[in-house]
Amino acid sequence: MNKEFESALAALDGLQDGMTIMVGGFGLVGAPLTLIDALCEHGASDLTIISNNLGEPGGKGLSRLLGLGRIRRAIGSYFTSNPEVVAAVERGELSVTLLPQGTLAEAIRAGGAGLGGFFTPVGAGTLLAEGKEQREIGGRLHVLEAPLTADFALVRARTADAYGNLHYARTQQNFNPAMASAARVTVAEVDDVVPVGALDPEAVHTPHVFVSRLTRARTLITDVKSVQEMLK
């Protein structure tokens with residue numbers, strides 16, 4: 001079964017207002033930028049976005065979606081890296097749920113694994129733990145964190161085969177693999193789609209059973225200079 005769609009926009013079929021969407025990457029690094037642009041074009045609004053942060057200033061990455069007023073809530077770790085996010089919160093246009101970065105990663109992994117939650121000492125006894133169950137384990141206070149799941153996950157990988165087996169390169173391995181297993185529909189943006197059997201099984205990071213759809217990335221960023229140009 002070939003899971004490749006002709007366009008990123010077509011790969012978002014079924015996405016609706018009010019849905020929860022996981023988006024991989026850290027700022028613009030390892031992020032599915034082609035799918036983010038398609039999400040902006042799609043028009044869905046009132047969205048909950050689960051991502052480490054919301055793009056970069058100047059409408060780059062998820063910051064573009066924020067500027068369109070389509071994000072209602074964000075769950076992540078480093079929102080203050082983008083002053084546009086801070087301003088949206090101060091205006092009352094966006095609500096955010098802050099999670100320590102390791103807790104965010106584990107909550108996504110727990111969602112993909114079907115777990116009911118996990119205890120961690122990170123954040124216990126602080127404002128981040130308000131309203132959550134806390135208990136002492138091994139003489140140390142822990143807080144119960146809920147798993148995270150989503151309707152759609154938008155992820156970035158280097159290579160896929162036609163079935164949807166994924167291989168991630170470098171920083172694409174940050175949140176993308178965990179998110180791919182934690183959503184009802186996973187759409188992967190890739191540089192290349194190879195025939196089934198062409199990927200070394202040892203190089204497969206996400207098995208095809210977790211991947212619903214594939215689309216091609218518009219450009220391949222391979223050097224620091226290219227990233228610097230994007231950030232201007």
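The values are calculated or read from the model by the stated rules, or taken from the named source; none is laboratory data. Computed from a predicted model, the values in this text were never measured in an experiment. When we count neighbours, we look across all protein chains shown, and the Cβ atoms used for this are built from the backbone with ideal geometry, even at glycine.
Could you please give the count of residues in segment 166-216 that are closer than 15 Å to GLY24 by Cα, among the acidic types (Asp, Glu) and part of a helix (DSSP H, G or I)?
Adding up the residues that qualify gives 0.
Being basic (Lys, Arg), surrounded by fewer than 21 Cβ atoms within 10 Å (Cβ to Cβ), modelled with pLDDT of 95 or more and farther than 26 Å from PHE210 by Cβ is the requirement here; does ARG64 meet it?
Judged against the criteria, ARG64 is a match.
In the set THR48, THR80, which member is exposed (fewer than 14 other Cβ atoms within 10 Å of the Cβ) and among the β-branched types (Val, Ile, Thr)?
THR80
For the structure I just gave you, tell me whether GLY116 is in a loop (DSSP other than H, G, I, E, B), modelled with pLDDT of 95 or more and more than 16 Å from the chain's Cα centre (by Cα).
Criteria met by GLY116.
For segment 147-174, give me each residue that is basic (Lys, Arg) and touching a residue at least 60 places away in the same chain (Cβ under 8 Å).
ARG156, ARG170
Filtering segment 106-132 down to residues that are buried (at least 19 other Cβ atoms within 10 Å of the Cβ) and of a type in the set (A, V, I, L, M, F, W, C), which residue is farthest from VAL209 (Cα to Cα)?
ALA124
Looking at ALA198, ALA162, can you tell me which residue is at pLDDT below 95, farther than 24 Å from ASN82 by Cα and either exposed (fewer than 14 other Cβ atoms within 10 Å of the Cβ) or of a type in the set (Phe, Trp, Tyr) (or both)?
Unique residue meeting the criteria: ALA198.
Name the pairs: first residue in segment 44-73 and within 12 Å of GLU93 (Cβ to Cβ) and touching a residue at least 12 places away in the same chain (Cβ under 8 Å), second residue β-branched (Val, Ile, Thr) and not in a loop (DSSP other than H, G, I, E, B), Cβ to Cβ under 6 Å, at least 6 apart or on different chains?
ILE71/ILE49; ARG73/THR48
Here's a check for you: in segment 13-26, which residue that is farther than 11 Å from GLU189 by Cβ and crowded, with 21+ Cβ neighbours inside 10 Å is farthest from the chain's Cα centre (by Cα)?
Restricting to residues being farther than 11 Å from GLU189 by Cβ and crowded, with 21+ Cβ neighbours inside 10 Å, the top hit is ILE21.
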